[in-house]
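Single-structure report; data block below.
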Amino acid sequence: MRRLVKLRIFTQALFFCFFVWLIFTTQYSYDRNSAEASGWLKLFFDLNPLNLIGVAVTAGIIYKTLALGFILVVLTIIFGRFFCGWVCPLGSLNNFFSSFKPESSGKSLLTRNIYKPYQKLKYYFLFFFAGTAILGSLQTGLLDPISLIARSIGLVVFPAMFLLLRMLFGWFFDSGVAVLAFFGDRLFRLSEALFLPQKQPLYNGIFWLALILAVVIAGNRLYTRFWCRAVCPLGALLGIFAGFSIFGLKKDVSKCDDCGKCLLRCQGADNPHRQLPHRRSECHVCLNCLEACPNDALSFGFFAVDSPVIKGPDLSRRKLIFSGIAGAAAIPILRSGLDKSRHINQSLIRPPGALPETEFLARCIRCGQCMKICPTNALHPAILEAGWEGIFSPVLIPAIGYCEHTCILCGHSCPTGAIKQLTQIEKTGNEEIPPVRIGTAFIDRGRCLPWAFGKECIVCEEWCPTSPKAIRLEPVEQIWPDGRQVKLRRPYVIAEECIGCGACEYACPVQGDKAIYVSSVGESRNPKNEMLMHRPRYQ
(Lines give C-alpha, C1' and ligand atoms only; values in the text may rest on other atoms or scores of the structure.)
Protein backbone atom coordinates (compact mmCIF):
# COMPACT_ATOMS: atom_id res chain seq x y z
CA MET A 1 0.00 0.00 0.00
CA ARG A 2 2.88 2.33 0.65
CA ARG A 3 3.82 2.04 -3.02
CA LEU A 4 0.27 2.94 -4.09
CA VAL A 5 0.28 6.00 -1.85
CA LYS A 6 3.64 7.07 -3.26
CA LEU A 7 2.23 6.53 -6.76
CA ARG A 8 -0.74 8.73 -5.90
CA ILE A 9 1.53 11.49 -4.54
CA PHE A 10 3.72 11.28 -7.63
CA THR A 11 0.66 11.39 -9.91
CA GLN A 12 -0.71 14.41 -8.05
CA ALA A 13 2.57 16.27 -8.39
CA LEU A 14 2.92 15.25 -12.04
CA PHE A 15 -0.53 16.50 -13.03
CA PHE A 16 -0.07 19.73 -11.08
CA CYS A 17 3.30 20.49 -12.66
CA PHE A 18 1.94 19.55 -16.08
CA PHE A 19 -1.03 21.88 -15.59
CA VAL A 20 1.18 24.77 -14.46
CA TRP A 21 3.53 24.21 -17.39
CA LEU A 22 0.61 24.27 -19.83
CA ILE A 23 -0.61 27.58 -18.41
CA PHE A 24 2.92 28.95 -18.63
CA THR A 25 3.29 27.96 -22.28
CA THR A 26 -0.15 29.34 -23.22
CA GLN A 27 1.12 32.65 -24.51
CA TYR A 28 1.39 34.58 -27.73
CA SER A 29 3.52 32.72 -30.23
CA TYR A 30 3.29 31.53 -33.79
CA ASP A 31 5.25 28.47 -32.76
CA ARG A 32 3.35 25.23 -33.38
CA ASN A 33 4.40 23.78 -30.04
CA SER A 34 2.63 26.57 -28.19
CA ALA A 35 -0.57 25.80 -30.10
CA GLU A 36 -0.26 22.16 -29.09
CA ALA A 37 0.36 23.11 -25.46
CA SER A 38 -2.78 25.25 -25.48
CA GLY A 39 -4.70 22.26 -26.86
CA TRP A 40 -3.47 20.08 -24.02
CA LEU A 41 -4.57 22.69 -21.51
CA LYS A 42 -8.05 22.76 -23.03
CA LEU A 43 -8.23 19.03 -22.34
CA PHE A 44 -8.48 19.78 -18.60
CA PHE A 45 -11.55 21.93 -19.30
CA ASP A 46 -12.99 19.48 -21.81
CA LEU A 47 -12.84 16.60 -19.32
CA ASN A 48 -14.67 18.67 -16.71
CA PRO A 49 -18.30 17.43 -16.56
CA LEU A 50 -19.28 20.64 -14.75
CA ASN A 51 -18.56 22.54 -17.98
CA LEU A 52 -20.35 19.91 -20.06
CA ILE A 53 -23.54 19.98 -18.00
CA GLY A 54 -23.41 23.74 -17.40
CA VAL A 55 -23.16 24.66 -21.10
CA ALA A 56 -25.76 22.02 -21.98
CA VAL A 57 -28.26 23.60 -19.58
CA THR A 58 -27.52 27.27 -20.31
CA ALA A 59 -27.00 27.09 -24.08
CA GLY A 60 -29.08 24.02 -24.82
CA ILE A 61 -26.25 22.28 -26.67
CA ILE A 62 -23.50 19.78 -25.96
CA TYR A 63 -20.44 21.70 -27.13
CA LYS A 64 -18.21 19.51 -29.29
CA THR A 65 -15.08 19.03 -27.19
CA LEU A 66 -16.88 19.23 -23.85
CA ALA A 67 -18.44 15.84 -24.61
CA LEU A 68 -15.20 14.40 -23.25
CA GLY A 69 -16.66 15.17 -19.83
CA PHE A 70 -18.68 11.95 -20.15
CA ILE A 71 -15.38 10.08 -19.81
CA LEU A 72 -14.77 11.45 -16.31
CA VAL A 73 -18.39 10.73 -15.35
CA VAL A 74 -18.02 7.08 -16.37
CA LEU A 75 -14.68 6.73 -14.59
CA THR A 76 -16.17 8.30 -11.45
CA ILE A 77 -19.05 5.84 -11.49
CA ILE A 78 -16.47 3.05 -11.64
CA PHE A 79 -13.69 4.30 -9.33
CA GLY A 80 -15.30 7.07 -7.25
CA ARG A 81 -13.82 10.54 -6.77
CA PHE A 82 -10.33 9.55 -7.88
CA PHE A 83 -10.06 12.84 -9.84
CA CYS A 84 -10.08 14.80 -6.56
CA GLY A 85 -7.34 12.70 -4.98
CA TRP A 86 -5.14 11.95 -7.99
CA VAL A 87 -5.57 14.58 -10.72
CA CYS A 88 -7.21 17.89 -9.69
CA PRO A 89 -4.51 20.65 -9.61
CA LEU A 90 -6.36 22.76 -7.02
CA GLY A 91 -6.88 19.66 -4.90
CA SER A 92 -3.15 18.96 -5.09
CA LEU A 93 -2.39 22.54 -4.02
CA ASN A 94 -4.80 22.27 -1.09
CA ASN A 95 -3.35 18.93 -0.08
CA PHE A 96 0.15 20.42 -0.10
CA PHE A 97 -0.79 23.36 2.14
CA SER A 98 -2.84 21.11 4.40
CA SER A 99 0.37 19.31 5.30
CA PHE A 100 1.48 22.51 7.10
CA LYS A 101 -1.64 22.64 9.26
CA PRO A 102 -0.63 22.85 12.93
CA GLU A 103 -1.19 19.65 14.89
CA SER A 104 -3.60 19.62 17.82
CA SER A 105 -4.24 17.02 20.47
CA GLY A 106 -4.99 13.54 19.22
CA LYS A 107 -8.61 13.48 20.34
CA SER A 108 -9.30 16.97 18.95
CA LEU A 109 -7.74 16.09 15.62
CA LEU A 110 -9.77 12.91 15.37
CA THR A 111 -12.94 14.87 16.07
CA ARG A 112 -12.07 17.56 13.51
CA ASN A 113 -11.44 14.98 10.77
CA ILE A 114 -14.76 13.15 11.11
CA TYR A 115 -17.43 13.99 8.52
CA LYS A 116 -19.08 17.31 9.40
CA PRO A 117 -22.37 18.86 8.23
CA TYR A 118 -20.50 21.80 6.62
CA GLN A 119 -19.40 19.39 3.88
CA LYS A 120 -22.94 19.53 2.51
CA LEU A 121 -22.40 23.17 1.50
CA LYS A 122 -20.77 22.24 -1.79
CA TYR A 123 -23.92 20.42 -2.91
CA TYR A 124 -26.04 23.46 -2.14
CA PHE A 125 -23.57 25.62 -4.09
CA LEU A 126 -23.94 23.18 -6.99
CA PHE A 127 -27.73 23.45 -6.94
CA PHE A 128 -27.48 27.24 -6.67
CA PHE A 129 -25.42 27.26 -9.87
CA ALA A 130 -27.93 24.86 -11.42
CA GLY A 131 -30.62 27.45 -10.73
CA THR A 132 -28.59 30.19 -12.45
CA ALA A 133 -27.92 27.86 -15.38
CA ILE A 134 -31.63 27.20 -15.91
CA LEU A 135 -32.06 30.96 -16.31
CA GLY A 136 -29.26 31.01 -18.91
CA SER A 137 -26.30 32.26 -16.86
CA LEU A 138 -23.25 30.03 -16.38
CA GLN A 139 -21.67 30.94 -13.03
CA THR A 140 -19.92 27.66 -12.21
CA GLY A 141 -16.56 29.08 -13.31
CA LEU A 142 -16.45 31.30 -10.23
CA LEU A 143 -15.84 28.27 -7.97
CA ASP A 144 -14.94 25.52 -10.43
CA PRO A 145 -11.46 24.31 -9.34
CA ILE A 146 -10.00 24.08 -12.86
CA SER A 147 -11.10 27.58 -13.86
CA LEU A 148 -10.16 29.04 -10.48
CA ILE A 149 -6.63 27.66 -10.41
CA ALA A 150 -6.08 28.46 -14.10
CA ARG A 151 -6.95 32.14 -13.77
CA SER A 152 -5.17 32.39 -10.40
CA ILE A 153 -1.90 31.03 -11.77
CA GLY A 154 -2.15 32.74 -15.16
CA LEU A 155 -3.33 36.15 -13.99
CA VAL A 156 -1.88 36.40 -10.47
CA VAL A 157 1.06 34.08 -9.83
CA PHE A 158 2.92 34.36 -13.13
CA PRO A 159 2.64 38.18 -13.51
CA ALA A 160 3.80 38.62 -9.91
CA MET A 161 6.68 36.20 -10.48
CA PHE A 162 7.73 38.01 -13.67
CA LEU A 163 7.64 41.38 -11.91
CA LEU A 164 9.66 40.01 -8.99
CA LEU A 165 12.33 38.69 -11.35
CA ARG A 166 12.53 42.03 -13.13
CA MET A 167 12.92 43.80 -9.80
CA LEU A 168 15.62 41.32 -8.75
CA PHE A 169 17.55 41.68 -12.00
CA GLY A 170 17.19 45.45 -11.78
CA TRP A 171 18.58 45.43 -8.25
CA PHE A 172 21.61 43.46 -9.44
CA PHE A 173 22.12 45.82 -12.37
CA ASP A 174 21.79 48.99 -10.27
CA SER A 175 23.85 47.70 -7.32
CA GLY A 176 26.98 49.49 -8.48
CA VAL A 177 28.98 46.27 -8.13
CA ALA A 178 30.41 45.32 -11.50
CA VAL A 179 30.16 41.55 -10.92
CA LEU A 180 26.53 41.74 -9.76
CA ALA A 181 25.63 44.07 -12.61
CA PHE A 182 27.23 41.70 -15.12
CA PHE A 183 25.41 38.64 -13.79
CA GLY A 184 22.14 40.56 -13.45
CA ASP A 185 22.31 41.65 -17.07
CA ARG A 186 23.18 38.14 -18.29
CA LEU A 187 20.44 36.50 -16.18
CA PHE A 188 17.89 38.97 -17.48
CA ARG A 189 18.86 38.34 -21.09
CA LEU A 190 18.76 34.57 -20.54
CA SER A 191 15.39 34.73 -18.78
CA GLU A 192 13.96 36.95 -21.51
CA ALA A 193 15.12 34.50 -24.15
CA LEU A 194 13.72 31.45 -22.34
CA PHE A 195 10.48 32.45 -20.62
CA LEU A 196 10.24 36.09 -19.51
CA PRO A 197 7.64 37.96 -21.62
CA GLN A 198 8.83 41.08 -23.37
CA LYS A 199 5.99 43.09 -21.88
CA GLN A 200 5.15 42.80 -18.19
CA PRO A 201 1.50 41.60 -18.02
CA LEU A 202 -0.81 43.73 -15.91
CA TYR A 203 -4.39 42.74 -15.09
CA ASN A 204 -7.44 44.60 -13.85
CA GLY A 205 -8.79 43.45 -10.48
CA ILE A 206 -5.76 41.32 -9.64
CA PHE A 207 -6.23 42.13 -5.93
CA TRP A 208 -9.55 40.29 -5.82
CA LEU A 209 -8.18 37.31 -7.72
CA ALA A 210 -5.23 37.12 -5.35
CA LEU A 211 -7.51 37.47 -2.32
CA ILE A 212 -9.67 34.54 -3.45
CA LEU A 213 -6.59 32.36 -3.94
CA ALA A 214 -5.29 33.38 -0.50
CA VAL A 215 -8.63 32.48 1.12
CA VAL A 216 -8.63 29.08 -0.58
CA ILE A 217 -5.11 28.35 0.68
CA ALA A 218 -5.76 29.75 4.17
CA GLY A 219 -8.81 27.52 4.56
CA ASN A 220 -6.51 24.53 4.82
CA ARG A 221 -5.41 25.74 8.25
CA LEU A 222 -8.94 25.14 9.52
CA TYR A 223 -9.57 21.73 7.99
CA THR A 224 -7.62 19.50 5.64
CA ARG A 225 -8.61 20.43 2.07
CA PHE A 226 -11.36 22.71 3.36
CA TRP A 227 -12.18 24.00 -0.14
CA CYS A 228 -12.54 20.48 -1.50
CA ARG A 229 -14.71 19.37 1.39
CA ALA A 230 -17.01 22.38 1.70
CA VAL A 231 -17.05 24.57 -1.42
CA CYS A 232 -15.98 22.82 -4.64
CA PRO A 233 -18.97 22.38 -7.02
CA LEU A 234 -17.05 19.93 -9.21
CA GLY A 235 -16.35 17.81 -6.14
CA ALA A 236 -20.07 17.90 -5.34
CA LEU A 237 -20.98 16.78 -8.86
CA LEU A 238 -18.42 13.98 -8.79
CA GLY A 239 -19.63 13.07 -5.28
CA ILE A 240 -23.14 12.49 -6.63
CA PHE A 241 -21.80 10.14 -9.31
CA ALA A 242 -19.40 8.52 -6.84
CA GLY A 243 -22.41 7.39 -4.85
CA PHE A 244 -23.01 4.86 -7.62
CA SER A 245 -19.37 3.74 -7.83
CA ILE A 246 -18.61 0.03 -7.84
CA PHE A 247 -15.13 0.56 -6.41
CA GLY A 248 -14.80 1.59 -2.80
CA LEU A 249 -13.50 1.08 0.73
CA LYS A 250 -14.14 -2.17 2.55
CA LYS A 251 -13.82 -2.47 6.34
CA ASP A 252 -13.00 -5.64 8.24
CA VAL A 253 -14.51 -4.64 11.59
CA SER A 254 -13.10 -7.72 13.32
CA LYS A 255 -9.53 -6.49 12.73
CA CYS A 256 -10.13 -2.87 13.69
CA ASP A 257 -8.98 -1.81 17.17
CA ASP A 258 -10.40 1.71 16.68
CA CYS A 259 -6.98 3.40 16.92
CA GLY A 260 -8.10 6.27 14.67
CA LYS A 261 -4.89 6.39 12.60
CA CYS A 262 -6.89 6.15 9.40
CA LEU A 263 -8.80 9.28 10.42
CA LEU A 264 -5.60 11.23 10.97
CA ARG A 265 -4.57 10.66 7.35
CA CYS A 266 -7.97 10.96 5.66
CA GLN A 267 -8.22 13.80 3.11
CA GLY A 268 -11.96 13.78 2.52
CA ALA A 269 -13.31 13.28 6.08
CA ASP A 270 -15.31 10.31 4.81
CA ASN A 271 -15.19 8.25 8.03
CA PRO A 272 -12.91 5.33 7.13
CA HIS A 273 -12.85 4.15 10.78
CA ARG A 274 -15.10 1.58 12.44
CA GLN A 275 -17.49 3.69 14.48
CA LEU A 276 -19.38 5.47 11.70
CA PRO A 277 -20.45 4.30 8.22
CA HIS A 278 -18.12 5.21 5.40
CA ARG A 279 -19.33 8.03 3.13
CA ARG A 280 -18.34 7.03 -0.37
CA SER A 281 -19.40 10.33 -1.96
CA GLU A 282 -16.79 12.16 0.15
CA CYS A 283 -13.90 9.72 -0.39
CA HIS A 284 -11.04 11.06 -2.56
CA VAL A 285 -9.57 7.56 -3.03
CA CYS A 286 -6.30 8.89 -1.65
CA LEU A 287 -5.49 5.46 -0.10
CA ASN A 288 -3.90 7.14 2.96
CA CYS A 289 -6.13 5.15 5.29
CA LEU A 290 -4.80 1.85 3.93
CA GLU A 291 -1.21 2.87 4.59
CA ALA A 292 -2.05 4.18 8.08
CA CYS A 293 -3.97 1.12 9.28
CA PRO A 294 -1.61 -1.13 11.33
CA ASN A 295 -3.99 -4.12 11.27
CA ASP A 296 -4.84 -4.29 7.55
CA ALA A 297 -8.50 -3.82 8.44
CA LEU A 298 -9.12 -1.64 5.38
CA SER A 299 -8.98 -2.46 1.70
CA PHE A 300 -10.29 -1.10 -1.58
CA GLY A 301 -12.06 -3.25 -4.12
CA PHE A 302 -15.01 -3.63 -6.43
CA PHE A 303 -18.52 -4.30 -5.16
CA ALA A 304 -17.57 -3.73 -1.51
CA VAL A 305 -21.15 -4.10 -0.30
CA ASP A 306 -20.63 -5.87 3.00
CA SER A 307 -19.19 -2.78 4.70
CA PRO A 308 -21.32 -0.17 6.53
CA VAL A 309 -21.48 2.59 3.92
CA ILE A 310 -23.52 5.66 2.94
CA LYS A 311 -23.15 5.83 -0.82
CA GLY A 312 -24.73 9.15 -1.77
CA PRO A 313 -24.71 12.56 -0.05
CA ASP A 314 -27.15 12.91 2.83
CA LEU A 315 -28.90 16.14 1.91
CA SER A 316 -31.99 18.08 2.91
CA ARG A 317 -34.46 18.12 0.04
CA ARG A 318 -35.89 21.41 1.26
CA LYS A 319 -32.45 23.07 1.28
CA LEU A 320 -31.67 21.73 -2.19
CA ILE A 321 -34.88 23.16 -3.58
CA PHE A 322 -34.24 26.46 -1.82
CA SER A 323 -30.68 26.59 -3.26
CA GLY A 324 -31.97 26.04 -6.80
CA ILE A 325 -34.70 28.65 -6.39
CA ALA A 326 -32.19 31.13 -4.93
CA GLY A 327 -29.91 30.63 -7.93
CA ALA A 328 -32.77 31.09 -10.38
CA ALA A 329 -33.98 34.20 -8.54
CA ALA A 330 -30.50 35.73 -8.51
CA ILE A 331 -30.33 36.16 -12.30
CA PRO A 332 -33.37 38.43 -12.87
CA ILE A 333 -32.34 40.41 -9.80
CA LEU A 334 -28.82 40.95 -11.15
CA ARG A 335 -30.03 41.68 -14.68
CA SER A 336 -32.57 44.26 -13.51
CA GLY A 337 -29.87 46.41 -11.90
CA LEU A 338 -28.55 49.54 -13.59
CA ASP A 339 -25.27 50.14 -11.75
CA LYS A 340 -22.59 49.61 -14.41
CA SER A 341 -24.56 46.78 -15.96
CA ARG A 342 -24.12 45.65 -19.52
CA HIS A 343 -27.37 47.39 -20.49
CA ILE A 344 -25.96 50.92 -20.31
CA ASN A 345 -22.19 50.52 -20.09
CA GLN A 346 -20.82 51.22 -23.56
CA SER A 347 -17.27 50.81 -22.28
CA LEU A 348 -17.91 47.05 -22.06
CA ILE A 349 -15.89 45.75 -25.01
CA ARG A 350 -15.75 42.00 -25.46
CA PRO A 351 -13.06 40.04 -27.38
CA PRO A 352 -13.47 39.68 -31.15
CA GLY A 353 -15.74 36.76 -31.93
CA ALA A 354 -17.54 36.93 -28.58
CA LEU A 355 -21.13 35.74 -28.75
CA PRO A 356 -24.01 38.14 -28.02
CA GLU A 357 -23.96 39.07 -24.34
CA THR A 358 -26.71 36.72 -23.18
CA GLU A 359 -25.17 33.78 -25.04
CA PHE A 360 -21.69 34.82 -23.95
CA LEU A 361 -22.62 34.70 -20.26
CA ALA A 362 -24.28 31.34 -20.91
CA ARG A 363 -20.92 29.85 -21.92
CA CYS A 364 -18.05 31.80 -20.34
CA ILE A 365 -16.46 29.91 -17.41
CA ARG A 366 -14.03 32.69 -16.41
CA CYS A 367 -10.99 30.49 -16.96
CA GLY A 368 -8.83 33.46 -18.02
CA GLN A 369 -7.16 31.70 -20.95
CA CYS A 370 -8.14 34.36 -23.48
CA MET A 371 -6.59 36.99 -21.18
CA LYS A 372 -3.43 34.97 -20.64
CA ILE A 373 -2.83 34.38 -24.35
CA CYS A 374 -3.61 37.93 -25.55
CA PRO A 375 -0.34 39.27 -27.06
CA THR A 376 -0.97 42.91 -26.17
CA ASN A 377 -2.36 42.43 -22.64
CA ALA A 378 -5.66 43.92 -23.85
CA LEU A 379 -8.06 41.44 -22.18
CA HIS A 380 -8.75 41.69 -18.45
CA PRO A 381 -11.14 40.16 -15.91
CA ALA A 382 -14.19 42.35 -15.45
CA ILE A 383 -15.02 43.54 -11.97
CA LEU A 384 -18.35 45.36 -12.37
CA GLU A 385 -18.09 46.50 -15.99
CA ALA A 386 -20.54 43.74 -16.98
CA GLY A 387 -22.52 43.86 -13.76
CA TRP A 388 -22.35 41.25 -11.01
CA GLU A 389 -23.43 38.55 -13.44
CA GLY A 390 -20.37 39.06 -15.62
CA ILE A 391 -17.72 39.32 -12.90
CA PHE A 392 -14.27 37.99 -13.96
CA SER A 393 -15.42 37.57 -17.59
CA PRO A 394 -13.04 39.04 -20.23
CA VAL A 395 -13.25 42.69 -21.24
CA LEU A 396 -10.95 44.66 -23.53
CA ILE A 397 -9.33 47.79 -22.06
CA PRO A 398 -7.77 49.72 -24.98
CA ALA A 399 -5.84 52.11 -22.76
CA ILE A 400 -3.77 49.11 -21.58
CA GLY A 401 -3.62 47.07 -24.78
CA TYR A 402 -5.25 46.89 -28.20
CA CYS A 403 -6.65 44.04 -30.26
CA GLU A 404 -3.95 42.95 -32.71
CA HIS A 405 -5.50 43.20 -36.17
CA THR A 406 -4.72 39.67 -37.37
CA CYS A 407 -4.68 37.89 -33.99
CA ILE A 408 -7.33 35.18 -33.43
CA LEU A 409 -5.80 33.42 -30.42
CA CYS A 410 -8.50 34.29 -27.87
CA GLY A 411 -11.17 32.34 -29.74
CA HIS A 412 -8.92 29.34 -30.22
CA SER A 413 -8.05 29.26 -26.51
CA CYS A 414 -11.68 29.44 -25.31
CA PRO A 415 -12.75 25.96 -24.12
CA THR A 416 -16.52 26.52 -24.23
CA GLY A 417 -17.12 28.44 -27.45
CA ALA A 418 -18.04 31.70 -25.69
CA ILE A 419 -15.60 33.27 -28.20
CA LYS A 420 -15.86 31.96 -31.74
CA GLN A 421 -12.83 30.35 -33.38
CA LEU A 422 -12.40 32.89 -36.16
CA THR A 423 -10.11 32.63 -39.13
CA GLN A 424 -8.00 35.65 -40.06
CA ILE A 425 -10.21 36.34 -43.09
CA GLU A 426 -13.34 36.18 -40.93
CA LYS A 427 -11.83 38.65 -38.50
CA THR A 428 -10.27 41.15 -40.92
CA GLY A 429 -12.82 40.74 -43.71
CA ASN A 430 -12.48 40.97 -47.48
CA GLU A 431 -14.57 42.03 -50.50
CA GLU A 432 -17.32 39.58 -49.55
CA ILE A 433 -17.08 39.27 -45.75
CA PRO A 434 -17.33 42.30 -43.45
CA PRO A 435 -14.74 42.47 -40.68
CA VAL A 436 -15.57 41.65 -37.07
CA ARG A 437 -16.26 44.85 -35.18
CA ILE A 438 -15.93 45.05 -31.42
CA GLY A 439 -16.75 48.76 -31.22
CA THR A 440 -16.22 52.20 -32.67
CA ALA A 441 -13.69 54.94 -31.93
CA PHE A 442 -14.77 58.47 -30.96
CA ILE A 443 -12.63 61.60 -30.80
CA ASP A 444 -12.81 63.88 -27.76
CA ARG A 445 -12.17 67.21 -29.46
CA GLY A 446 -11.75 68.92 -26.11
CA ARG A 447 -8.61 66.85 -25.42
CA CYS A 448 -7.28 66.14 -28.93
CA LEU A 449 -4.04 68.05 -29.57
CA PRO A 450 -4.89 69.31 -33.10
CA TRP A 451 -8.51 70.12 -32.22
CA ALA A 452 -8.06 71.71 -28.78
CA PHE A 453 -4.48 72.98 -28.69
CA GLY A 454 -3.48 73.57 -32.28
CA LYS A 455 -0.60 71.09 -32.10
CA GLU A 456 0.23 68.64 -34.86
CA CYS A 457 -0.45 64.98 -33.97
CA ILE A 458 -1.24 62.12 -36.34
CA VAL A 459 -0.51 59.16 -34.04
CA CYS A 460 -4.04 57.71 -34.11
CA GLU A 461 -4.10 57.74 -37.93
CA GLU A 462 -0.68 56.08 -38.09
CA TRP A 463 -1.72 53.29 -35.72
CA CYS A 464 -5.07 52.56 -37.40
CA PRO A 465 -4.63 49.06 -38.94
CA THR A 466 -7.64 48.95 -41.29
CA SER A 467 -7.42 49.33 -45.04
CA PRO A 468 -8.70 51.83 -46.02
CA LYS A 469 -7.96 53.80 -42.87
CA ALA A 470 -10.82 54.28 -40.43
CA ILE A 471 -9.08 57.39 -39.08
CA ARG A 472 -8.22 60.04 -41.64
CA LEU A 473 -6.73 63.53 -41.55
CA GLU A 474 -8.32 66.77 -42.68
CA PRO A 475 -5.91 69.61 -43.60
CA VAL A 476 -7.08 72.89 -42.07
CA GLU A 477 -5.78 76.40 -41.48
CA GLN A 478 -6.71 78.03 -38.21
CA ILE A 479 -6.10 81.51 -36.84
CA TRP A 480 -5.52 81.56 -33.08
CA PRO A 481 -6.36 84.49 -30.75
CA ASP A 482 -2.75 85.67 -30.82
CA GLY A 483 -3.03 86.18 -34.58
CA ARG A 484 -0.81 83.34 -35.73
CA GLN A 485 -2.01 81.11 -38.55
CA VAL A 486 -1.55 77.37 -38.00
CA LYS A 487 -1.74 74.61 -40.58
CA LEU A 488 -2.94 71.36 -39.06
CA ARG A 489 -4.21 67.93 -39.94
CA ARG A 490 -7.20 67.12 -37.78
CA PRO A 491 -8.18 63.46 -37.33
CA TYR A 492 -11.71 62.23 -37.86
CA VAL A 493 -13.25 58.75 -37.74
CA ILE A 494 -15.00 56.94 -40.58
CA ALA A 495 -17.41 54.94 -38.43
CA GLU A 496 -18.24 52.39 -41.13
CA GLU A 497 -14.57 51.44 -41.47
CA CYS A 498 -13.72 51.35 -37.74
CA ILE A 499 -13.49 47.91 -36.12
CA GLY A 500 -12.96 49.15 -32.55
CA CYS A 501 -9.55 47.49 -32.10
CA GLY A 502 -8.40 50.24 -29.73
CA ALA A 503 -4.97 50.76 -31.30
CA CYS A 504 -5.68 54.48 -31.60
CA GLU A 505 -6.67 54.81 -27.93
CA TYR A 506 -3.66 52.78 -26.83
CA ALA A 507 -1.22 54.94 -28.83
CA CYS A 508 -2.79 58.33 -28.08
CA PRO A 509 -0.07 60.46 -26.42
CA VAL A 510 -2.51 62.48 -24.29
CA GLN A 511 -2.00 61.64 -20.64
CA GLY A 512 -4.91 60.64 -18.42
CA ASP A 513 -8.19 60.29 -20.29
CA LYS A 514 -7.30 59.70 -23.92
CA ALA A 515 -8.32 62.10 -26.66
CA ILE A 516 -9.74 59.18 -28.65
CA TYR A 517 -11.62 56.33 -27.03
CA VAL A 518 -13.40 53.17 -28.11
CA SER A 519 -17.00 52.36 -27.29
CA SER A 520 -18.87 49.11 -27.91
CA VAL A 521 -21.30 50.99 -30.14
CA GLY A 522 -21.56 49.23 -33.51
CA GLU A 523 -20.20 45.86 -32.37
CA SER A 524 -20.90 42.98 -34.75
CA ARG A 525 -22.20 40.66 -32.05
CA ASN A 526 -25.13 42.96 -31.19
CA PRO A 527 -27.76 42.61 -33.93
CA LYS A 528 -30.04 45.16 -32.25
CA ASN A 529 -27.47 47.93 -32.46
CA GLU A 530 -28.85 50.12 -35.25
CA MET A 531 -26.87 53.26 -34.43
CA LEU A 532 -24.21 52.41 -37.00
CA MET A 533 -25.31 50.43 -40.04
CA HIS A 534 -22.86 48.36 -42.06
CA ARG A 535 -22.37 49.28 -45.64
CA PRO A 536 -20.26 47.46 -48.26
CA ARG A 537 -16.64 47.96 -47.34
CA TYR A 538 -15.40 48.01 -50.92
CA GLN A 539 -17.24 50.12 -53.46
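A few points about this structure:
- Within the stretch 260-289, restricting attention to residues that are open to solvent by 10 Å² or more (accessible area, probe 1.4 Å) and among the aliphatic types (A, V, I, L, M), the residue that is nearest to GLY85 (Cα to Cα) is VAL285.
- In the stretch 453-468, of all residues being outside any helix (DSSP H, G or I) and under 35 Å from the mean Cα position of the chain (by Cα), the one that is farthest from ILE516 (Cα to Cα) corresponds to SER467.
- Qualifying residue in the stretch 142-162 (condition: open to solvent by less than 60 Å² (accessible area, probe 1.4 Å), closer than 26 Å to GLU389 by Cβ and acidic (Asp, Glu)): yes
- Within the stretch 291-308, considering residues that are in contact with a helix residue (DSSP H, G or I) (Cβ under 6 Å, 6 or more places away or on another chain) and not small (Gly, Ala, Ser), the one most open to solvent (accessible area, probe 1.4 Å): GLU291
- None of THR406, THR416, THR376 is surrounded by fewer than 17 Cβ atoms within 10 Å (Cβ to Cβ) and in a loop (DSSP other than H, G, I, E, B) except THR406.
- Test: residue in the stretch 425-442 that is among the hydrophobic types (A, V, I, L, M, F, W, C), in a helix (DSSP H, G or I) and open to solvent by 40 Å² or more (accessible area, probe 1.4 Å): yes
- Scanning the stretch 507-517 for residues that are closer than 20 Å to VAL395 by Cβ and open to solvent by 60 Å² or more (accessible area, probe 1.4 Å) gives ASP513, TYR517.
- Of all residues in the stretch 488-506, one or more are open to solvent by 60 Å² or more (accessible area, probe 1.4 Å), aromatic (Phe, Trp, Tyr) and either in contact with a Phe, Trp or Tyr (Cβ under 6 Å, 6 or more places away or on another chain) or modelled with pLDDT under 90 (or both).
- For first residues located in the stretch 169-193 and closer than 24 Å to THR25 by Cα and open to solvent by 50 Å² or more (accessible area, probe 1.4 Å), partners that are part of a loop (DSSP other than H, G, I, E, B) and not polar (S, T, N, Q) and lie 6+ apart or on another chain with Cβ distances below 8 Å form the pairs PHE188/LEU196.
- GLN346 polar (S, T, N, Q) and either modelled with pLDDT of 90 or more or open to solvent by less than 40 Å² (accessible area, probe 1.4 Å) (or both): no
- Single residue of GLY239, GLY219, GLY184 found to be under 23 Å from LEU72 (Cβ atoms), assigned to a helix (DSSP H, G or I), touching a helix residue (DSSP H, G or I) at 6+ places or on another chain (Cβ under 7 Å) and small (Gly, Ala, Ser): GLY239
- Residue match in the stretch 249-257 (condition: part of a loop (DSSP other than H, G, I, E, B), of a type in the set (Ser, Thr, Tyr), farther than 12 Å from LEU290 by Cα and touching a helix residue (DSSP H, G or I) at 6+ places or on another chain (Cβ under 9 Å)): no
- Residues within the stretch 453-477 that are in contact with a Lys or Arg (Cβ under 8 Å, 6 or more places away or on another chain) and touching a residue at least 12 places away in the same chain (Cβ under 8 Å), tallied: 7
- Failed item, numbered, when GLU359 is tested on (1) over 28 Å from SER152 (Cβ atoms); (2) modelled with pLDDT of 90 or more; (3) open to solvent by 80 Å² or more (accessible area, probe 1.4 Å); (4) not hydroxyl-bearing (Ser, Thr, Tyr): (1)
- You will find that of GLY54, GLY136, the residue that is among the small types (Gly, Ala, Ser), open to solvent by less than 60 Å² (accessible area, probe 1.4 Å) and part of a loop (DSSP other than H, G, I, E, B) is GLY136 and no other.
- Test result for ARG166, open to solvent by less than 20 Å² (accessible area, probe 1.4 Å), of a type in the set (Lys, Arg), at pLDDT below 95 and within 27 Å of GLY368 (Cβ to Cβ): no
Matching residues to (1) open to solvent by less than 20 Å² (accessible area, probe 1.4 Å); (2) not in a strand (DSSP E or B):
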| position | (1), (2) |
| --- | --- |
| PHE322 | no, yes |
| ALA326 | no, yes |
| CYS367 | yes, yes |
| VAL395 | yes, no |
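- In the stretch 80-100, the residues that are at positive phi reach residues that are among the small types (Gly, Ala, Ser) and in a helix (DSSP H, G or I) with C-beta atoms within less than 7 angstrom, at least six apart or across chains, in these pairs: GLY80/ALA242.
- Failed item, numbered, when LEU90 is tested on (1) surrounded by 23 or more Cβ atoms within 10 Å (Cβ to Cβ); (2) at pLDDT below 95; (3) out of contact with any Ser or Thr (no Cβ under 6 Å at 6 or more places or on another chain); (4) of a type in the set (A, V, I, L, M): (2)
- Filter pass, ALA214 being at pLDDT below 95 and either of a type in the set (A, V, I, L, M, F, W, C) or open to solvent by less than 80 Å² (accessible area, probe 1.4 Å) (or both): no
The values are calculated or read from the model by the stated rules, or taken from the named source; none is laboratory data. None of these values were measured; they are calculated from a predicted model. Cβ: placed from backbone, ideal geometry, glycine included. Neighbour counts: every protein chain shown. Accessible surface is based on the protein model in full, side chains and every heavy atom, while ligands, DNA and RNA are left aside. Shrake-Rupley method; radii C 1.70, N 1.55, O 1.52, S 1.80 Å.
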